[in-house]
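See structure below.
The values are calculated or read from the model by the stated rules, or taken from the named source; none is laboratory data. Here the structure is a predicted model, which means the values were calculated and not measured. Note that we place each Cβ from the backbone using ideal geometry, even for glycine, and neighbour counts take in every protein chain shown. Please note that ligands, DNA and RNA were not included when accessible areas were found on the heavy atoms of the full protein model with its side chains. Shrake-Rupley method; radii C 1.70, N 1.55, O 1.52, S 1.80 Å.
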Amino acid sequence: MAEKQTKTTALTLPSVLAFSRKLEVSDALMASGLWTDIDQSEKWQSIKLHEKRNRATKSQFGVKDEEKKEPNLSWGDDASLPHDANTLRVSFTLKTLGQLEEPTACNTPEFEEKVNHVVNSYRNEHQFKELATRYANNIVNGRFLWRNRVGAESVCIKVKHGKETWSFNAYDYSLNDFSLSPDSNHPFAKLVDVIQNGLQGDGFEYLEITAFAKLGLGQHVWPSQEMVLNIPKGEKSKILFKLKHGENDCAAMHSEKIGNALRTIDTWYADDTNLKAIAIEPYGSVTSRGEAHRITKNDFYTLFLKWLKDGEIPVEQQHYVIATLIRGGVFGGNE
C-alpha cells in the first residue's frame, strides 16, 4: 500500500498528453429574413459579403504630425441585412461526446489510469450536471452571436433534438448567472439532459441550433474575420469568413468563435461571487483584454496534478478541470 502511495505522489505530467474536444461545433451560416417569417425557412436568404472602400482619417495615437492631415484609405469586406430584411439568422450544429476519461494520446500508462479513475469518480458524483447546465445556458442566451446580439430588439433561439424543437427567449437567460434550475418538463431542463447524456455516455448527442436576432432593416451583421498576416500595402486589409452554401457564398462564423462562447462558463477563477464568466482556458486567458486570470496556483496544470495526486481541490475547481478536458487540447510537457 505504501509503495502505491509513493508512486501516486511521484506522478508527473507526461511529455505526450492530449484530449479531443467533447463539444464539437460546426461553422455557423448567416441568413437574412423577416422576424415574422421565423418558421418559414424557405423565405430566408444567405447573406453575401460585399466590399467597401472608404476614405477615413487617421485617429490612432502616435501619428506623426505630417501624417495627421493625410487620409486613411481602407478596403475590406463588409456584411449587412438587405433593406427589406430586419432579422439575422445564425445556424450551426453541435455534438456532445462522451468517453472523456480516455486521452487521445498519452505516453504514461500510470498517468492515464489515474485520469480514468478521477474522471469516473467525477462522473459518478456529479454526472456533468453543473457543466451541462452552463453549456445549455450559453446556447439559450445567444452568447454565441457575439456582436450580433448587441442592440437586438429580440433574440429567439431554437434548438432541435431528434423530433423535438424547443424555443427560448434569449433575454430570459443571464450571461453570468448559471443557477437556473427549472422543473424537469421545462425545455431548458430537457436541453441540459441531452448535453449531460452526451458527456456521460460512450456515444454522442446531436443538436441543431438556430438563432434569430431582430436587428432592424439594413443593419450591419458581424461574420468572423479572417486573420491574414503581412498584408501588402494597398491590398484588401479586412477579409471576412464565408462558406459555400448551395451555389452561393454565405457569410459565416468560425466554429472556434462559437465554441469559445459555449465554454464561457468559468466564474470560479477568483473568490468573488459577482464575476463575469470567462472562457475555459488552461491559464484563464482573455486575449482581447490582455489578461490571464489563472496564473497563480489556480491554473489547469496545478489543479489537475494536485487532484490526480489525491490532493483535495474544491468542487468548483473540479468543474473547471473537467471543463478544460472537455475543451480539449495538447497538454503534455516537462515539469
> Can you name the residue in region 45-55 that is touching a Ser or Thr at 6+ places or on another chain (Cβ under 7 Å) and modelled with pLDDT of 95 or more and is also nearest to Ser237 (Cα to Cα) among such residues?
Replying inline: Ile47
> Within region 74-87, is even one residue touching a Leu at 6+ places or on another chain (Cβ under 7 Å), of a type outside the set (D, E, K, R) and open to solvent by 70 Å² or more (accessible area, probe 1.4 Å)?
Replying inline: yes
> Given region 243-335, what helices (runs of 4 or more DSSP H) lie entirely inside it while holding 2 or more residues that are closer than 20 Å to Arg123 by Cβ?
Replying inline: 300-308, 315-327
> Scanning for something farther than 30 Å from Val315 by Cα, in a loop (DSSP other than H, G, I, E, B) and within 25 Å of the chain's Cα centre (by Cα), does region 89-96 turn up at least one residue?
Replying inline: no
>> Of everything in region 12-33, what is more than 27 Å from the chain's Cα centre (by Cα) and open to solvent by 20 Å² or more (accessible area, probe 1.4 Å)? Give them in sequence order.
In response: Thr12, Ser15
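Can you tell me which of Thr108, Thr104 is open to solvent by less than 80 Å² (accessible area, probe 1.4 Å), under 31 Å from the mean Cα position of the chain (by Cα) and of a type in the set (Val, Ile, Thr)? Before the answer, list the steps.
Numbers: Thr104 fails: open to solvent by less than 80 Å² (accessible area, probe 1.4 Å).
Testing whether each residue is open to solvent by less than 80 Å² (accessible area, probe 1.4 Å), under 31 Å from the mean Cα position of the chain (by Cα) and of a type in the set (Val, Ile, Thr) leaves just Thr108.
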> Considering region 34-69 alone, what residues qualify as being open to solvent by less than 70 Å² (accessible area, probe 1.4 Å) and part of a loop (DSSP other than H, G, I, E, B)?
Replying inline: Leu34, Ile38, Gln40, Trp44, Ile47, Leu49, Lys58, Gly62, Val63
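Glu316 - would you say it is on the phi < 0 side of the Ramachandran plot and touching a residue at least 60 places away in the same chain (Cβ under 8 Å)?
Numbers: on the phi < 0 side of the Ramachandran plot: yes; touching a residue at least 60 places away in the same chain (Cβ under 8 Å): no.
It is false that Glu316 is on the phi < 0 side of the Ramachandran plot and touching a residue at least 60 places away in the same chain (Cβ under 8 Å).
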>> Cβ-Cβ under 7 Å, sequence separation 6+ or interchain: first residue in region 288-312 and at pLDDT 95 or above and acidic (Asp, Glu), partner open to solvent by less than 50 Å² (accessible area, probe 1.4 Å) and not in a helix (DSSP H, G or I). Which pairs?
In response: Asp299/Pro282
>> When you scan region 43-66, do you find a residue that is of a type outside the set (D, E, K, R) and touching a Phe, Trp or Tyr at 6+ places or on another chain (Cβ under 7 Å), even just one?
In response: no
> In region 196-248, how many are β-branched (Val, Ile, Thr), under 24 Å from the mean Cα position of the chain (by Cα) and over 17 Å from Phe144 (Cα atoms)?
Replying inline: 2
> Which ones in region 293-334 are surrounded by 17 or more Cβ atoms within 10 Å (Cβ to Cβ), over 24 Å from Glu112 (Cβ atoms) and out of contact with any helix residue (DSSP H, G or I) (no Cβ under 9 Å at 6 or more places or on another chain)?
Replying inline: His293
> So Ser224 fits all but one of (1) in contact with a His (Cβ under 8 Å, 6 or more places away or on another chain); (2) in contact (Cβ under 8 Å) with a residue 40 or more places away in the chain; (3) polar (S, T, N, Q); what number is the exception?
Replying inline: (2)
